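One structure below.
The values are calculated or read from the model by the stated rules, or taken from the named source; none is laboratory data. Here the structure is a predicted model, which is why all the values come from computation and not from measurement. Virtual Cβ from ideal backbone geometry, glycine too; neighbours counted across all protein chains shown. The accessibility values were calculated without ligands, DNA or RNA, using every heavy atom of the protein model including side chains. Shrake-Rupley method; radii C 1.70, N 1.55, O 1.52, S 1.80 Å.
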Amino acid sequence: MALLELDDVSVHYGRIQAIHDMSIHVEEGEIVSLIGANGAGKTTTMRAVAGLLGLSGGSITFDGDDISRTKAHLRVVRGISLTPEGRGIFPSMTVLENLDMGAYARKDKSSMSADFDRVFDLFPRLKERQKQSGGTMSGGEQQMLAIGRALMAHPKLLLLDEPSMGLAPQFIRQIFRIIKEVNQQGTTVLLVEQNANQALKLANRAYILETGRITREGSGAELAADDAVKAAYLGG
Amino acid sequence: MLHELATASSESWISFNWDSLFSNFLPATRDGITYGGIYALVAVGYTLVYGVLNLINFAHSEVFISGAYAVVFTLTGLGFDGNSPNLGTIPLIGDLLVALLAGAVTSAVVAVLVERIAYRPLRARGAPRLAFLITAIGVSFAIQYLIFLWRGSVAEPSVRMVPVKAIFQIGDTLIFLNQIIIVVAALAMMIAVDQFVRRTRTGRGIRAVAQDPDTATLMGVSTERIIVLTFAIGGLLAGAAGLFYIMQVPSGAIYNGGFVLGIKAFAAAVLGGIGNIRGALLGGFLLGLIGNYGQYLLGDAQWNDVVCFVVLLLVLMVRPEGILGSSLAKVRA
Ligand SMILES: Nc1ncnc2c1ncn2[C@@H]1O[C@H](COP(=O)(O)OP(=O)(O)O)[C@@H](O)[C@H]1O
Ligand SMILES: [Mg+2]
């Protein structure tokens, strides 16, 4: 049984339909990438899975339950964490407070210090900057903080919306390496990227999204080798 | 001739009486601080709701006056009337707490009801900002005239609960018991709310929603619960202010009694920096003082409001975001 399953999902903004009958699934333990050009509907998909946008058709199943009507803040409790596009750092909260926010919904306060350790292990930079306010950090550091914060919720499924956006190449490599490490530690990942190269390399499977419709799916390696995909997303 | 006329007419309605200000400086300061505490408590309600919803909740003045009515009814029920009572310390504290509870709970309930009935349906439909604003004004008038229909156009008979008793004096200015209670309690409540927002997990939730509601939701914060909570906290403090207001103005419970005080408190919130709890405190005390000084300087109680709003305007010209500027979203622990 898939951990996450979207079945014929449609999403509208007013009268404009942004997602058309989308069906995708993410198995437990996988990294799945969703590749698409700017405006294809990647962010819309992520926000619908997180519950920030309602569906106009279809259903979303998570961990065996239909969550199509579950409120966004309760989906976090169920184990879905989204690192939003643009990172969504609380700029005037310190690094520590931002991480605390990640654990806001958790009941098991006892294991929280272990999670702080895990996050600081993955991102030593964050440990050095605990007292710094989030808004004064560089883009790369903010992305680390955003991922670390999402991990503080102890998610079963981590949704990442363009984590490489606007980052310098060395940060991009580091972020992708950490995504892999997080996945190996047992977190399932759904990754959205415009920049398809690394996303396809990293993914077990991937989907290509064009103007709100899934047009291709396959293993990461398969799609990376495909001529049409190469031409469209891998710079030829 | 023209010159004379101008001078004569200006003298007839405006003149600066510095002697009066200097000779009344201490009582003016005393009263200014007392009123300032009341303004500050009401201002927090405006500021919290604005910080979280970007909404100026004009009905907050009626949230406040509802608490004042509850205090009057409670005190009347406890047997108080317009005469200064002769109570021991323990019964006085007990009755104060009962009245405080009545005022605070009533105002909090009214605030939450206003949120439920008026604002939540608009939010659910994604209504534009202007719809909220006109609704807020409408709710303010609706509550005022409901009270009018119920209690009539006159004020409730005055009730005094705190014995009129001077505790100490500075120069020959007497400082009265009720004024000390008001200022100390108001300060304590303001500090408590400020620390709550800065230090607790729920306070962090409030700040997160103020800053970025969507991302706060992604952290598992229920924005709806946070919104109700901010209305409730603002209501609790406004109800406490209702008690202090009645202590200072025993015949203050009248249907439109919240209106002017509410505008003043809103001005205090803007003066200090709307969205900022410490700004509400600062703005409250400043407006209390400025109004009272202005009143003695210019000679008439009506000048109190004029001076307050002129000063507000001048400050905003220099600091458009108010004295402390930053919003609730920017509060740091
Ligand atoms: N808030 C919105 N209101 C109306 N249309 C929107 C909104 N957000 C996105 N869209 C539209 O939906 C489509 C998909 O957008 P989005 O999901 O942000 O794409 P992507 O993340 O792939 O760049 C685009 O055509 C975009 O213009
Ligand atoms: Mg996007």
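Side notes on the structure shown:
The rows are residues; the columns are (1) free of Cβ contacts under 8 Å to residues at least 60 places away in the same chain; (2) out of contact with any helix residue (DSSP H, G or I) (no Cβ under 8 Å at 6 or more places or on another chain); (3) open to solvent by less than 50 Å² (accessible area, probe 1.4 Å).
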position: B:ARG125; (1), (2), (3): yes, yes, no
position: B:GLN144; (1), (2), (3): no, no, yes
position: B:PHE148; (1), (2), (3): no, yes, no
position: B:VAL159; (1), (2), (3): no, no, yes
position: B:ASN178; (1), (2), (3): no, no, yes
position: B:VAL184; (1), (2), (3): yes, yes, no
position: B:MET189; (1), (2), (3): no, no, yes
position: B:PHE196; (1), (2), (3): yes, no, no
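- Against the test of being crowded, with 18+ Cβ neighbours inside 10 Å and within 14 Å of chain B (Cβ to nearest Cβ), the options A:GLY88, A:GLY14 yield a single qualifying residue, A:GLY88.
- Within segment A:24-40, tally of residues that are part of a loop (DSSP other than H, G, I, E, B), within 16 Å of ligand 2 (Cβ to nearest atom) and touching a Leu at 6+ places or on another chain (Cβ under 6 Å): 1
- Residues that are within 12 Å of chain A (Cβ to nearest Cβ) and at pLDDT below 95 number at least 2 in the following helices (runs of 4 or more DSSP H) confined to segment B:139-229: B:177-199, B:201-211.
- Within segment A:144-171, considering residues that are under 22 Å from A:MET93 (Cα atoms), out of contact with any Ser or Thr (no Cβ under 7 Å at 6 or more places or on another chain) and in contact (Cβ under 8 Å) with a residue 60 or more places away in the chain, the one surrounded by the fewest Cβ atoms within 10 Å (Cβ to Cβ): A:HIS154
- Evaluating A:VAL76 against the criteria (1) assigned to a loop (DSSP other than H, G, I, E, B); (2) closer than 24 Å to A:ILE175 by Cα; (3) at the interface with another protein chain (Cβ under 7 Å from one of its Cβ atoms); (4) of a type outside the set (Asp, Glu) leaves one unmet condition, (1).
- Exactly one residue out of B:GLY275, B:GLY325 is within 14 Å of chain A (Cβ to nearest Cβ), at pLDDT below 90, touching a helix residue (DSSP H, G or I) at 6+ places or on another chain (Cβ under 6 Å) and open to solvent by less than 20 Å² (accessible area, probe 1.4 Å): that is B:GLY275.
- Of A:GLN143, A:GLN132, all but one fail to be away from ligand 1 (no atom under 16 Å from the Cβ) and within 30 Å of A:ALA221 (Cβ to Cβ); the exception is A:GLN143.
- Sub-8 Å Cβ pairs linking a first residue in segment A:20-45 that is over 17 Å from A:GLU5 (Cα atoms) to a second residue that is among the basic types (Lys, Arg) and within 9 Å of ligand 2 (Cβ to nearest atom), at least 6 apart or interchain, are A:GLY36/A:LYS42, ordered by first then second residue.
- Scanning segment A:1-38 for residues that are under 22 Å from A:GLY220 (Cα atoms) and within 16 Å of ligand 1 (Cβ to nearest atom) yields A:LEU6, A:MET22, A:ILE24, A:VAL32, A:SER33, A:LEU34, A:ILE35, A:GLY36, A:ALA37, A:ASN38.
- Scan of segment A:148-171 for residues that are away from ligand 1 (no atom under 16 Å from the Cβ) and in contact with a helix residue (DSSP H, G or I) (Cβ under 7 Å, 6 or more places away or on another chain), ordered by number: A:GLY148, A:ARG149, A:ALA150, A:LEU151, A:MET152, A:ALA153, A:HIS154, A:LEU158, A:LEU167, A:ALA168, A:PHE171
Residue-by-condition table, conditions (1) in a helix (DSSP H, G or I); (2) in contact with a Ser or Thr (Cβ under 6 Å, 6 or more places away or on another chain):
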position: B:GLY258; (1), (2): yes, yes
position: B:LYS264; (1), (2): yes, no
position: B:ALA267; (1), (2): yes, no
position: B:ILE274; (1), (2): no, yes
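- Of all residues in segment A:189-225, exactly one satisfies the criterion of being acidic (Asp, Glu) and under 22 Å from A:LYS156 (Cα atoms), namely A:GLU193.
- Counted residues, segment B:83-97 - those being within 19 Å of B:SER158 (Cβ to Cβ) and out of contact with any Leu (no Cβ under 7 Å at 6 or more places or on another chain): 7
- Criterion: touching an Asp or Glu at 6+ places or on another chain (Cβ under 6 Å) and within 16 Å of ligand 2 (Cβ to nearest atom) - qualifying residue of A:THR61, A:THR43: A:THR43
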